[in-house]
Amino acid sequence: MKYFGRILFAFSVLVLSCEGDPGPPGRDGRDGLDGLDGDALLGTVFETQPIDFNVGNDFSTIFAFPNNFEVFDTDAILVYLLEDVTDDGNGGQADIWTPLPQTYFLTEGTLLYSFNHTYFDVAIFLDGDYDLSLSPVGFTQDQIFRIVVVPADPFGSANLDTSNFQQVLNALGKNESDIIKVSAQ
């Protein structure tokens with residue numbers, strides 16, 4: 001029996017220590033470490049319904065993220081104001097999105113669109129060095145915003161111009177049909 005055990009042990013060592021010819025090399029994969037290996041960044045874009053700023057809402061509004069959407073502490077929040085619409089040169093129109101904060105110098109004084117956020121909402125508000133109720137209607141009524149949530153780590157290394165909404169949208173791999181329309185509170 002000892003003899004059989006030794007043969008079995010020797011055979012096992014021989015079989016397990018054998019090595020064959022290496023196979024053909026595989027294709028290089030994506031390391032996925034920075035999230036930028038040619039793939040779009042994960043992110044979400046929300047567009048608000050038209051918002052009116054007035055004395056009644058203290059010239060501010062709050063957008064609450066949907067319950068099924070989670071914002072992480074490493075996510076970056078960007079907010080853009082639909083400043084104007086222009087001719088795109090092909091018979092259509094193109095939106096002009098301006099990043100917040102944004103300052104306007106009016107005859108009434110200086111007007112500032114700004115925002116702050118938590119992990120569950122974004123507050124968009126007007127500030128100024130004059131009585132905001134004197135603001136021209138074009139600055140307080142029917143204002144539309146886009147709120148962009150992007151992962152901060154890969155976004156920071158993406159070398160992106162965040163003042164260019166279309167470049168941010170392209171980096172996220174999103175198009176107009178992917179933007180989620182929402183109402184502010």
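Could you give me the ³J(HN,Hα) list for the range 98-114, computed from phi with Karplus coefficients 6.51, -1.76, 1.60 and θ = phi - 60°, whole Hz, x at Gly and Pro?
For the range 98-114, the Karplus curve yields 10, x, 8, x, 9, 10, 10, 9, 9, 5, 6, x, 9, 10, 10, 8, 8 Hz.
Length gain on complete extension for the stretch ASP87 to THR110, per 0.36 nm per residue less the alpha carbon to alpha carbon distance?
Between ASP87 and THR110, full extension yields 5.4 nm more.
At ASP58 and THR103, where each label point lies 7 Å from the Cα along Cα→Cβ, what is the point-to-point distance in nanometres?
Spacing of the two 7 Å Cα→Cβ label points: 2.4 nm.
What nm distance separates the two modelled labels at PHE72 and VAL137, each placed 7 Å from Cα along Cα→Cβ?
Modelled inter-label distance: 4.6 nm.
Contact order normalised by length for the range 39-182, with contacts defined as Cα pairs under 8 Å and 6 or more residues apart; what percent is it?
41 percent
Could you go through the range 82-92 in sequence order and give the Karplus-derived ³J(HN,Hα) for each residue, using 6.51 cos²θ - 1.76 cosθ + 1.60 with θ = phi - 60°, rounded to whole Hz, and x for Gly and Pro?
6, 7, 6, 10, 10, 6, 8, x, 10, x, x
FYI, it's all coordinate maths here, none of it is from the lab. None of the values given here were measured: they were computed from a predicted structure. Ideal geometry is used to build each Cβ from the backbone, glycine not excepted, and the neighbour counts take in all protein chains shown.
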